[in-house]
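All remarks here apply to the structure that follows.
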Amino acid sequence: MTQDFDLDSVIRQRIRGLRLARGWSLDVLAARCHISPSNLSRIETGRRRIALDQLVPIARALDTTLDQLVESADDQDVVIRPQPCHTPGLTSWLLSRERSLHGVTVAKLRITPDRPAGAEHLKVHPGHEWFTVLSGTARLHLGERTILVEAGDAAEFSTMTPHSIGAHEGPVELLTILDHSGGRIHLDEAPAP
């Protein structure tokens with residue numbers, strides 16, 4: 001019963017927070033979801049029970065989904081404790097949950113100069129890749145070009161272009177976002193920890 005009450009409170013806070021974030025008054029949101037302003041006020045303040053037939057138009061008006069509006073506020077799965085995966089010249093830490101963030105994978109990579117890279121190690125797959133250099137300098141082989149990406153800089157490119165990433169004159173640490181294909185190609189080469 002307490003959990004239902006807590007979720008009810010979270011839903012009310014989400015409705016109010018999304019409304020305020022858009023700069024809307026109660027009257028504006030009420031008109032958009034065809035609920036009287038007084039009923040909407042009672043929903044937000046907890047003086048009225050939240051009914052499913054009211055949540056659907058409220059979610060639609062706030063440009064969100066019913067699932068997002070009512071998802072559990074349980075934070076036991078908030079902290080990710082990444083475990084390193086090692087291959088010669090590459091250590092990776094998975095920073096996102098499986099199937100999270102709309103199918104993308106977020107990872108931290110540490111690449112050392114002994115990782116095989118260069119024209120003979122280029123990969124091609126559908127999608128896009130993005131990374132930012134946290135420390136060191138990355139050597140991005142992109143087709144016929146070699147591009148040095150220094151700490152604080154970022155790179156984004158189509159992965160249909162043959163590519164590989166290596167370290168330039170010492171270790172490099174990257175934060176990368178890979179689509180589903182990129183995550184499978186680049187991170188699955190590392191064995192399980």
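Just flag the trypsin sites (Lys or Arg not before Pro) in the range 76-173 sitting in loop per DSSP whose Cβ has no more than 10 other Cβ atoms within 10 Å. Working shown, then result.
Numbers: sites: 97, 99, 108, 110, 123, 139, 145; in loops: 97, 99.
Listed in order of number, the matching sites are 99.
Among 7, 66, 140, what is the fewest-to-most ranking by other Cβ atoms within 10 Å? Don't jump to the answer; show the numbers that get you there.
Numbers: 7 16, 66 13, 140 20.
Going from sparsest to densest Cβ surroundings: 66, 7, 140.
So, counting K/R as plus one and D/E as minus one, what does the shell of residues with Cβ under 14 Å around residue 153 add up to?
Net charge in that neighbourhood comes out at -2.
Compute the length gained on full extension between residue 25 and residue 48: take 0.36 nm times their separation in residues and subtract their Cα-Cα distance, giving the result in nm to one decimal.
6.4 nm
Label points 7 Å out from Cα along the Cβ direction at residue 81 and residue 36: separation in nm?
About 5.3 nm separates the two model spin labels.
In nanometres, what is the gap between the two model label sites at residue 63 and residue 153, each 7 Å from Cα along Cα-to-Cβ?
Placing both labels 7 Å beyond Cα along the Cβ direction yields 3.5 nm.
Computed from the coordinates by the stated procedures, all read-outs in this text should not be read as laboratory data. These figures come from a predicted structure and were not determined experimentally. Every residue, glycine among them, receives a Cβ derived from its backbone with ideal geometry; neighbour counts consider all protein chains shown.
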